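Notes to accompany the following structure.
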Amino acid sequence: MRALTQPVPADIAEPRPAPAVKRRSRGALARRINIAVSVASLPLFVLAWELVARAHIVNAVLFPPPTVVAQAMADWVRSGDFTADLLASCARVVAGFVLGSVCGVIVGVLTGRIGFFAALFGPVFQLMRPIPPVAFVPIVILWFGLAETGKVFLVFWGVFFTVWLSTHLGVQKVDRGLIRAAQMLGTPRRRMLWEIVLLGAAPTIVIGLRTAVSISFYTLVAAELAGAFSGLFYRIEIAQQNMETGQVFGGLLVLGLLSLLADRGFAALARRLVWWR
Amino acid sequence: MSAAIEVDDVTIAFDTAKGLLLAVDRVSFQVRRGEFVCLLGPSGCGKSTLLNAIAGFERPYAGHVRVGGAEVTAPGPDRGVVFQQPNLFPWKSVRANIAHGPRVRGASRAEAGAIADRLIATVGLTRFADASPHTLSGGMQQRVAIARALANEPEILLMDEPFGALDAQTRAIMQENLLQLWSSISATVVFVTHDIEEAILLADRVIVMTAGPGRILETLEVGLERPRAVEASADPRFVALKRHCFELIRRESAQAFEKSAA
C-alpha cells in the first residue's frame, strides 16, 4: 500500500507544460507593459502637474509648477539651511525612535510575560495610548519650553506605545513549544525572558517597530509645531508664512522621501535581523 | 529495586468553559531505571497530559509524580523532552540548539560545542552542524531535537509522539535509530504513541490506556529480545501482541461509542 501511493504525485505533476508556455508568454507581456507604465508614472505625473500649473488652470501661486519647486529646493540647499533642517529633524526622529523602541521592548517583555507588571502598567498604558501625541504639544511646551527635549519626548511618546503593544502581544503569542523546550533544558528565568521570549516575539516586535518608524515622522511634525528653530516641518511653516509655496512643496517632498526611505530601510534591516522568519 | 519514575494515583483535570474536564483519572504505574515504557492509547486518552506531568509542565490535580524519589514540581534538565513538533530555536544553528542546554547550565562555549559535535555525529548530521533548522527536513529536525534533549545527559527521556508527524518510511528509520541510540545510553524512556506497532517495537513494557477520562487498561510485557529492528514485526510473538492490543483498543472504543450513542 505504502509503496504504491508514493510515486503518484510525481506523475500528476507531469502532463501540463504545453498550455503553460503560451500563458506564460502572455503573462510576461502584460508584466512588461505594467513595468513600463510604472516607470513612466512619476514623470507623467510631474509633466501633467507642470502643464496644469503653466496653463493657468489653477492658481500657480498656490500650486507652483515642479520647475518652481525645484528652484526653491535648489535655493534651500544652497543657503545651507537644508542640511541644518535635515539634520535637526533626523536627530529628533532617531533619538525619539531609539528611546521609545528600547523602552517599549523592555516594558513589553515584562508586561507580556509577568502578570505583576501587566497589572501594574496595563490599565495606565491602555488609558494613555489612544491620546494622539499631537494633543500633548501644549503641555510639552509648558514642560520643556522650546528645548530639544520636548521634541524628542513627543516622538518617544508616539513610538513607545506602539512598540510596547506589539511587544506585549508578541510575547504572549510566543510558541509554547519553544518555552517548554527551553524550560526542560534548564534555561534560567532571566535568560528565558531576554533570549527565548524576546527572540520568539521578534517577528511581531519588528512589525510594531516598522509602524513606529512612520509614527515617528507624524510626531516629528507635531514636535516641530511646538516651536522650533530648524527642521523640515519648521521650514514648511516659515515658507507658508512668507507665501513661498515652492518651498512648502519642496519641504513636503523631502518629508515624504525621507519617511519612505526610513520605512524601506527599516524593512530591509528587519529582514536581516529576523532572518529565520 | 528503585523506580526511576513513580506515578502514584494521579488525577489531572483542566478548567474549561464547561467546568472541570477529567483528562487522567487515578493512574498509577512505575518505571524502572533504564526501562523503555510506551504509553499507548487513542488520541484524547490523556497520555500526553500524563507525560507533561512527569516533565513538570502540568501539575496533577491529585496524586503524586516522583522522579528519583522527589516530587516533580517544575521542568528540569534531569528530564529531557522530545515533543511532537521539533520546537527547535529557529534563530540558532543545529549546533547552537544542541549546545543550548549545556550552555545555560554553565558549560563553557568550548565544552558545550564539543558535546554538541559529538551528538551531531551520533544522529548523523555532521554536514548540517551549521545549518539553520528550517532548512532541514522534518525527520532531520526531530533528530536535532533528540540530540538537544540528550545534551544534558538526562537520566530520563520523555518522548511525546516524536515521530507522529513524519512519513512512514522516515518513521521506520527513526525508530531503528532511536533503538540504536538508546542501547548506547542508560536513560529511562517514556514514549507516548497511538501506533501499536511502534509501541511493541520500541518498548520493554506497553501501558495501554483508554480515552475519556484516561485510565490504564492493561500493562503488557513485550519480552522480545534486543537488539530489535523493524523486521521484528514479523515475529509471531509480535503479531500476537499486536492483535491483543488491537482487540483491547477496539473493544474499548466500541464501548465508548455505545456509551456516547445511548
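The values are calculated or read from the model by the stated rules, or taken from the named source; none is laboratory data. Everything numeric here is computed off the predicted structure, so don't read it as measured data. No Cβ is skipped: glycine too gets one built from the backbone with ideal geometry, and neighbour counts run over all protein chains shown.
Look at the stretch A:176-194 and say how many of its residues are at the interface with chain B (Cβ under 7 Å from one of its Cβ atoms) and exposed (fewer than 14 other Cβ atoms within 10 Å of the Cβ). Spell out the reasoning first.
To start, the set of residues in the stretch A:176-194 that are at the interface with chain B (Cβ under 7 Å from one of its Cβ atoms) comprises A:177-178, A:180-181, A:183-188, A:191.
Checking which are exposed (fewer than 14 other Cβ atoms within 10 Å of the Cβ) leaves us with A:188.
Residues meeting the conditions: 1.
Meeting the requirement of 3 or more residues that are charged (D, E, K, R), the helices (runs of 4 or more DSSP H) wholly within the stretch B:153-262 are B:236-261.
Taking the listed residues A:VAL94, A:VAL98, the one that is modelled with pLDDT of 95 or more, assigned by TED's automatic domain parsing to the domain that holds A:PHE161, surrounded by fewer than 16 Cβ atoms within 10 Å (Cβ to Cβ) and within 20 Å of A:GLY170 (Cα to Cα) is A:VAL98, with no other qualifying.
Restricting A:LEU261, A:LEU199 to those that are away from every other protein chain (no Cβ under 14 Å), without any contact (Cβ under 8 Å) to a residue 40 or more places away in the chain and more than 20 Å from A:PRO132 (Cα to Cα) reduces the list to A:LEU261. Scanning the stretch A:198-244 for residues that are polar (S, T, N, Q) and either closer than 26 Å to A:GLY265 by Cα or in contact with a His (Cβ under 6 Å, 6 or more places away or on another chain) (or both) yields a count of 6.
I'd like the residue in the stretch B:160-182 that is hydrophobic (A, V, I, L, M, F, W, C) and within 14 Å of another protein chain (Cβ to nearest Cβ) and, out of all such residues, is surrounded by the fewest Cβ atoms within 10 Å (Cβ to Cβ).
Of all residues in the stretch B:160-182, those hydrophobic (A, V, I, L, M, F, W, C) come to B:163, B:165-166, B:168, B:172-174, B:178-179, B:181-182.
Filter once more, so that each one left must be within 14 Å of another protein chain (Cβ to nearest Cβ): B:165-166, B:168, B:172-173.
Working: B:ALA165: 15, B:LEU166: 18, B:ALA168: 12, B:ALA172: 19, B:ILE173: 14.
Ranking the qualifying residues of the stretch B:160-182, first place goes to B:ALA168.
Would you mind listing the strands (runs of 3 or more DSSP E) fully within the stretch B:10-128 where at least 2 residues are away from every other protein chain (no Cβ under 14 Å), of a type outside the set (Val, Ile, Thr) and touching a residue at least 24 places away in the same chain (Cβ under 8 Å)? Those strands (runs of 3 or more DSSP E) span B:19-32, B:36-40, B:62-67.
Only one of the numbered conditions (1) surrounded by 14 or more Cβ atoms within 10 Å (Cβ to Cβ); (2) touching a residue at least 12 places away in the same chain (Cβ under 8 Å); (3) part of a helix (DSSP H, G or I) is not met by A:ALA267, and that is (1). Can you say whether A:ALA72 is in contact (Cβ under 8 Å) with a residue 40 or more places away in the chain and not basic (Lys, Arg), as far as the supplied structure shows? Taking the combined requirement at face value, the residue satisfies it. Out of everything in the stretch A:112-133 that is under 26 Å from the mean Cα position of the chain (by Cα) and surrounded by 16 or more Cβ atoms within 10 Å (Cβ to Cβ), what residue ends up being farthest from A:LEU165 (Cα to Cα)? Ranking the candidates gives A:PRO133 first.
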